[in-house]
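A quick write-up on the structure given underneath.
The values are calculated or read from the model by the stated rules, or taken from the named source; none is laboratory data. Because the structure is predicted, anything quoted here is derived from the model rather than measured. Note: ideal-geometry Cβ built from the backbone for every residue, glycine included; neighbour counts use all protein chains shown. Ligands, DNA and RNA are stripped out before the accessible areas are found, and what is left, the full protein with its side chains, is counted by its heavy atoms. Shrake-Rupley method; radii C 1.70, N 1.55, O 1.52, S 1.80 Å.
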Protein chains: 2
Amino acid sequence: MSDASDAHDAAAGRLPGLTSTLVFKLGTLGTVATDRFTRALDAFELGLKPKHVGLMVALDAGAAASQQELAARMGVAPSLVVSLADHLEQLGAVQRVRDPQDRRRQVLTLTDEGRRLLDRCEAAGHELDAELAGELTGAQRRALTEALQHLAAHLGLP
Amino acid sequence: MSDASDAHDAAAGRLPGLTSTLVFKLGTLGTVATDRFTRALDAFELGLKPKHVGLMVALDAGAAASQQELAARMGVAPSLVVSLADHLEQLGAVQRVRDPQDRRRQVLTLTDEGRRLLDRCEAAGHELDAELAGELTGAQRRALTEALQHLAAHLGLP
DNA sequence: TCGATATGGTTCAGAGGCCGAACGATTGGC
DNA sequence: GCCAATCGTTCGGCCTCTGAACCATATCGA
């Protein structure tokens, strides 16, 4: 990890710097990414925020789940899931069904409309990918995706 | 990017999924990263948030700058820089000096105390890096850092 | 069977972060 | 020497998210 820029910093009497850190890079690039994604969603004019999409992804990922389970998966307060689900239900993207086995639980499922919406989000995601990583070589892009995949897996994320 | 998991999804009648997207990965991992960094800063008990560190990094990166320039660099409203600088000044990490050439401008500089503080943040960053990427091979980690570097450079970030 | 306790969902008030519109101080153009 | 532009600051408000109530339902124990 001692590359040319580090050597330059050292010559200037400085440490490598926080900017060479993984957390820092991930943090800043993460904000940029969600920022752009937010704008792309705004273009849909459906009042969607990244968290709405996060909920749909969580729904799509596993078996039908209660709102509490979803909140846990998303690392978010259950009360937030309520409002997210409210909005998605209003859009017809999500369906709330009382679990007959336990009538306290609301089982959320993605409707066909929700699938279509999620597909649109995915398309937007790919566009942004091209925009972001357009100047990376195929190999670089592959390495990046793979490394991020490892990281996510290591942290127990989707 | 058609790998095994994509093939699996396709077999299940699904598209590759938003989760295979770069924006999505960057977004989620970015939140995790800033989340952990925030907690690390909390341990300092100085009331610091990632944006404070961002300001210090911006100060450290270039020549002495006015608050407007810093706001532009950080992609943030000038009024926010005021409160960030207020707090850092109160900690003795930053110094405000009126530019004699243009007495409207406040020139911010990092004090020695600020440097020490920034070093502590960097140390925390490296700890988190070890925690995050501990299970990656050296080559993977190098590839990741390099790719993120490319991305950041392409977007005009530090 | 019935009461006590726990759990899922919802509502609501409020904390926290951030922006945009004002405003005073200072500058540069004419 | 006035007028417009610019810098920093203050302040009001929006938006997001959480935690504490609350009702409905379920489970446990006697």
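What is the average number of partner chain Cβ atoms found within 10 Å of a Cβ in B:120-129?
Mean shielding count: 5.
Give the nm distances, rounded to one decimal, from residue B:137 to the matching residue in every other copy, measuring between label points 7 Å along Cα toward the beta carbon; shortest first.
Label-point separations across copies, in nm and ascending: 1.9.
I'd like the orientation of helix A:22-42 relative to chain A: the angle between its Cα long axis and the longest Cα principal axis, in ° from 0 to 90, rounded to 10.
50 degrees
Identify the residue of chain A whose Cβ lies closest to the rotation axis that maps chain A onto chain B, and give that distance in whole Å.
Closest Cβ on chain A to the axis mapping it onto B, in Å: A:30, 1.
What FRET efficiency would be calculated for the residue pair residue B:61, residue A:96, taking the C-beta separation as r and a Förster radius of 45 Å, to the nearest 0.05?
Rounded to the nearest 0.05, the efficiency is 0.35.
When a/c reaches 1.5 or more, the comparison of a/b and b/c decides; with that in mind, is chain A rounded, prolate or oblate per its Cα gyration tensor?
prolate
Where the accessible area of the protein assembly as shown is counted over protein heavy atoms with a 1.4 Å probe, how much of it, in %, is carbon and sulfur?
Carbon-and-sulfur percentage of accessible area, whole number: 52.
Nearest 100 Å², what total accessible surface is buried between chain A and chain B (probe 1.4 Å)?
5100 Å²
Just the accessible area per residue of the protein assembly as shown, please: how many Å² with a 1.4 Å probe?
With the other protein chains kept in place, the protein assembly as shown gives 52 Å² per residue.
Springs between alpha-carbon atoms under 10 Å, Gaussian network over chain A: tell me which of A:139, A:77, A:61 tops the mean-square fluctuations.
A:139
Just A:96, A:142, A:36 to compare: in a GNM of chain A, with alpha carbon springs under 10 Å, which one fluctuates most?
A:142
Using heavy-atom solvent-accessible surface (probe 1.4 Å) with all chains present, what is the largest-first order of B:45, A:89?
Greatest to least solvent exposure: B:45, A:89.
Please compute, for peptide B:33-43, the average count of beta-carbon atoms on other protein chains lying within 10 Å of each residue's beta-carbon.
Going residue by residue through B:33-43 and averaging, the value is 3.
Quickly work out the residue B:120-to-residue B:154 label distance, labels modelled 7 Å from Cα along the C-beta direction, and quote it in nm with one decimal.
Computed distance between label sites residue B:154 and residue B:120 equals 3.8 nm.
Roughly what angle does helix B:138-154 make with the longest principal axis of chain B, taking Cα atoms, 0 to 90 degrees, to the nearest 10?
The answer is roughly 60 degrees.
Distances from residue B:112 to the same residue in each other copy, label points 7 Å out along Cα→Cβ, in nm, shortest first?
Relative to the other copies, residue B:112 has label-point distances of 7.3 nm.
Just to confirm the numbers: residue B:68, label point 7 angstrom along the Cα-Cβ line, distances to the other copies in nm, shortest first?
For residue B:68, the inter-copy label distances come out at 5.5 nm.
Hey, what did chain B get for relative contact order, percent, Cα under 8 Å, at least 6 apart?
16 percent
So what is the 222 nm mean residue ellipticity for chain A from helices alone, if each DSSP H run of at least 4 adds -39500 (n - 2.57) and you divide by all residues, rounding to the nearest 500 deg cm²/dmol?
Result for chain A, helices only: -21000 deg cm²/dmol.
Ignoring ligands and nucleic acids, what accessible area does residue A:119 show with a 1.4 Å probe (Å², nearest 10)?
Result for residue A:119: roughly 50 Å² accessible.
Could you identify which residue out of A:18, A:88, A:118 has the top mean-square fluctuation in a GNM of chain A using Cα springs shorter than 10 Å?
A:18
Taking K and R as +1 and D and E as -1, what net charge do the other residues with C-beta under 11 Å from the C-beta of residue B:129 add up to?
Neighbour charge sum, excluding residue B:129 itself: 0.
Quick one: which residues, 5 or more positions from residue A:65 or on another chain, have an amide H under 5 Å from its amide H? H modelled 1.01 Å from N in the peptide plane, none for Pro or chain starts.
HN-HN under 5 Å from residue A:65: A:108.
Compute the acute angle (0 to 90°) between the alpha-carbon long axis of helix B:78-90 and the principal axis of greatest extent of the alpha-carbon atoms of chain B; round to the nearest 10°.
With both axes taken from Cα atoms, the answer is about 70 degrees.
Could you please state, rounded to a whole Å, how far the C-alpha centre of the range B:126-150 is from the C-alpha centre of the range A:47-106?
What the calculation gives is 33 Å, centre to centre.
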